[in-house]
Structure formats: C-alpha cells, structure tokens
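Engineer: Take a look at this one; I'll ask things after.
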Amino acid sequence: MDRRSFIQLVGSAPLLGTISTAVGVTSIYGIRLWPAPDHTRVVLDLDGQVEYKLASSGKPEKITLRLSGAQPILALDAPVENDSRLKSVKTTVASNGDFIVEFMLLRGVEARSFQLQPNESYGHRLVLDLYNLKQESQESQALTVKPQSGSRRDLTIVIDAGHGGEDPGAVGRRGSKEKHIVLAVAKRLEKMIKQEPGLRAVMIRKGDYYVSLGGRVRKARKSEADLFISIHADGFKKSSAHGASVFILSQKRASSEMARWLARQENRADRIGGVDSRRDKNGFGYALRDMERAANAKISLELGELVLNQLRKIGDLHGNQVHKASFAVLKAPDFPSMLVETGFITNPREENKLRTAAYQQKLAEAMMRSVKVFAQRYPAPTNHTPTTSTTQSMKRVAKRYYKVKQGDSLSKISRTTNITIKHLRKLNPGIKDALKIGQKLRVQ
Ligand SMILES: [Zn+2]
C-alpha cells in the first residue's frame, strides 16, 4: 500500500488546516482519546481558537498536528491503550515555538479535523477524527442481497445507550456519569436479547465514545431496526425529582414541562459530544406515508405503556403516563421507538440505586419483558413476503423500474443503471440496504 492510500487527510477548511484570527499564545490544557469501532477521536482542550496544520508522512506512518503559537500548560503525554489505530502520541515544541503532536499509526486512516466553539460543558476544542479507511469489500458485503427463504427473519432490536465519550450526560452528586450507567444497562439488555431465539440485538455504541444523534438514527436504519430503545438516566434542576419514565416522539407540543426540558437536554448532546455540524446534517429525508408513520407511533405508545408497567414493578415512576416530547433521536418514523429514562441521576437516592449491578439488571429485565411481548404481537414477516407498502407503492409508480436479481446490491444496481446510490434512494424512499429478490426499484 503506498503512503497516499495509507493516510488520507481531509481538512475542514483549507485542505490542510484552519486559520483563525487569534493573536498571541493559545494554551493547551488537555488531550483526550476516544477509540470507537470505526474511528478514534482526539480532542485537544484550548483556551481559544488556534491556527493549525495537519500533515502526513511515512516511515514510520504518522500524522502530525502542528499548532502555531500554542503551548501546553500541563503534561500532555497521552497513553494509548486498546486502540487499533494509534500506537503512540508524542508531543514536542519546535524551535519556532509551534507545538507539535505526532500520532504514530497502526493502520491506514482518514484524518478529519475541526474546531468547536465553547459551550456549557467545554471551552474551545480542536477535534481530530482518525477514521478507518473504507474497505470496498466490506461495503459491498453490507449491501448484499439476503438469500430468499420462507423462514421468519429475526426481529432487530436496536439498543441506544445515550451520550458517551465527550458527552458524559447528567452527572450525579457522587460523580456517577449517565453515560456509564446507561451503557451497563444496555449491555445487560443486549445479552438477554441475544439469548432469545428470533431476536437480534444491535448496539448503537459498545464503548465510551460519542455517536451523533443523526448517526444513531442512521445506524438504526442501516441495521433495519424493528424497534429502537434509547436508554438514559438524566438529571433535573431539582434534586427531588425522581422516578423512571418513558418518552415517545411528539410531532407537536411536549406533554409536560419536564418532557420539554429533558428533550432540550438530550437534543444538545451533539454540541457537547462534538459534532462537525457541516458534515453531520440531521435531515433524514423520509417520505414515509402518513399511515405507516401513524402505525409506528401507535406501536411506540403501546410498547411505552408496557415498559412503564414493568418499571412500576421495580421502582418509582415519574408520572403514570408515557410522556411525549420532540427528541431528535426518536425522529425516524419508519420503526417504533422510545426513550427510557431509568431514573434521575441528580436524585441522591436514585443515583445510589442506578450505580448498582442489581438495579441495572432489574432495569434490563423490565425492558426485556416488554421486548418479548412486542415480539409476540408484532412478529417479523417471513423473508419471501414482500411488504405490502412496497408492493402498493410500486403499483402506483409503475413507470420504469428495475427488478432486483440474485446477487444484486445497491452499488451493483447503481453501476448497471448508471444512477448514483443517492439518487436511487431518492427515487425509492424507505429503501433498505438489504434488497429482496424480485423487488422493483424506480430508476426514473
Ligand atoms: Zn440522557
């Protein structure tokens, strides 16, 4: 592999850096590494904007970040552990006063960088994301047509542990972080789902890293979610607030002041977690028919009530009804979804409970019992049955179409028809990556 394909640099402003108008010396007071399955995020804490350059070099393979007029006010030696991309991080000060951070690499990466403005949780941040280089074979594998069979497919339950990485979520008095508690509960639920025949679990995050709100929804759609459960343990301004609650999406007004407040808290996660807003657009471009949207909203409510009744058995509830609010993470209308607030981490008594493995297990079991009822009431269709909605909408738009053959994938069809995947998706709203043989796709 030559060096150019080993390392790709993608600057967010001029190709290799970002220029700021700041004059004088910028202090660097922290560096954090967040390894995720597909990328490693490096975050530098700064006291202002900084002028920087990103460069790559080989022998050994490394990426160099050169910050002009910047100096560390603390030792920045970053130990690298359990990271499949980074071997080590070295910092030096150049003779002209530039501060240099060298990232020694273990594999090919695409480097993207951007700066973040201060917010309620952080000051200025410079973010460097090191993405795995995309392997063509992996991509086409993911889009391969599933073999036709008369058997019932597994129901996919997508589990979204809230927050992560730069975004700790709410923090309790004893210092418990929401991101750790909800991941522990999510992992317990994942384990139970995996043991249940006919069910498949997909985790939005498996470790301590941040996934954007849009990224969470995209991953759920890509995994062909049948049900989406987002798990949280938020805080409130009053420490007396307590009890578990369940939220579903409201297209209109929030059902209470608390619901509105919590939705606002959740929806700001991207600013804290650190998302390059120019790259991560939250528009999903759904063209789902109102009927399907309404059906999924109804199932969400029904399932929300089931979960609430299970939570009632293990602890206090915050209100006796399923709450409604405008949560960004629930905005995909093509599968039922809910957000479970397992308790208020800002309530000392609940924080103590949420920290224990025993209560985390009880929470996961409560959700699991509801998932089982869902699986009985709404079993997956058998593989060979085309969904009614697809058949009906195809009849209506029977102009020019392409019939999916054995071995087809979206990328293959894109090459055959000379239509980009993006345009194919636009022509076929709601199209899934796993195509069905015989399925008809609009091509004009
Ligand atoms: Zn939360």
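Engineer: Identify the residue in segment 51-91 that is modelled with pLDDT of 90 or more and of a type in the set (A, V, I, L, M, F, W, C) and, among all such residues, is farthest from ARG216 (Cα to Cα).
Structural biologist: LEU67
Engineer: Still on this structure: Against the definition (buried (at least 19 other Cβ atoms within 10 Å of the Cβ) and in a helix (DSSP H, G or I)), how does MET367 come out, yes or no?
Structural biologist: Taking the combined requirement at face value, the residue satisfies it.
Engineer: Take the residues in segment 216-246 that are away from the ligand (no atom under 15 Å from the Cβ) and hydroxyl-bearing (Ser, Thr, Tyr); name whichever of them is surrounded by the most Cβ atoms within 10 Å (Cβ to Cβ).
Structural biologist: Within segment 216-246, the match that is surrounded by the most Cβ atoms within 10 Å (Cβ to Cβ) is SER223.
Engineer: While we're on this one: Answer yes if at least one residue in segment 195-209 is within 18 Å of TYR359 (Cβ to Cβ) and of a type in the set (Ser, Thr, Tyr), and no otherwise.
Structural biologist: Within segment 195-209, not a single residue is within 18 Å of TYR359 (Cβ to Cβ) and of a type in the set (Ser, Thr, Tyr).
Engineer: State whether the residues of segment 284-295 include one that is surrounded by fewer than 20 Cβ atoms within 10 Å (Cβ to Cβ), at pLDDT 95 or above and not assigned by TED's automatic domain parsing to the domain that holds VAL127.
Structural biologist: no
Engineer: Only one of LYS324, LYS412, LYS405, LYS362 is assigned to a helix (DSSP H, G or I), modelled with pLDDT of 80 or more and open to solvent by 30 Å² or more (accessible area, probe 1.4 Å); which?
Structural biologist: Sole residue among the options that is assigned to a helix (DSSP H, G or I), modelled with pLDDT of 80 or more and open to solvent by 30 Å² or more (accessible area, probe 1.4 Å): LYS362.
Engineer: Being outside the structural domain of LEU126 (by TED's automatic domain parsing), within 16 Å of the ligand (Cβ to nearest atom), open to solvent by 10 Å² or more (accessible area, probe 1.4 Å) and of a type in the set (A, V, I, L, M) narrows it down to one of LEU249, LEU262, so name that one.
Structural biologist: Result of the check over LEU249, LEU262: LEU249.
Engineer: How about segment 88-117: which of its residues are surrounded by fewer than 16 Cβ atoms within 10 Å (Cβ to Cβ) and acidic (Asp, Glu)?
Structural biologist: Hit for segment 88-117 is GLU110, nothing else.
Engineer: Do the conditions hold for ARG293, that is, is it of a type outside the set (S, T, N, Q) and touching a Pro at 6+ places or on another chain (Cβ under 8 Å)?
Structural biologist: For ARG293, the condition - of a type outside the set (S, T, N, Q) and touching a Pro at 6+ places or on another chain (Cβ under 8 Å) - is met.
Engineer: For segment 169-207, give me the residue count where each residue is surrounded by fewer than 19 Cβ atoms within 10 Å (Cβ to Cβ), within 16 Å of the ligand (Cβ to nearest atom) and closer than 19 Å to VAL275 by Cβ.
Structural biologist: Selection size over segment 169-207: 0.
Engineer: Please enumerate the residues belonging to segment 330-346 that are surrounded by fewer than 24 Cβ atoms within 10 Å (Cβ to Cβ) and touching a helix residue (DSSP H, G or I) at 6+ places or on another chain (Cβ under 9 Å).
Structural biologist: LYS331, ALA332, PRO333, ASP334, PHE335
Engineer: Same structure, new question: Which residues, taken from segment 118-149, are in a loop (DSSP other than H, G, I, E, B), open to solvent by 50 Å² or more (accessible area, probe 1.4 Å) and modelled with pLDDT under 90?
Structural biologist: GLU120, SER121, LYS134, GLN135, THR144, LYS146, PRO147, GLN148
The values are calculated or read from the model by the stated rules, or taken from the named source; none is laboratory data. Bear in mind that the values here come from a model prediction, so they are computed numbers and not experimental data. When we count neighbours, we look across all protein chains shown, and the Cβ atoms used for this are built from the backbone with ideal geometry, even at glycine. Each accessible area value is taken on the protein alone, full model and side chains, heavy atoms only, with ligands, DNA and RNA left out. Shrake-Rupley method; radii C 1.70, N 1.55, O 1.52, S 1.80 Å.
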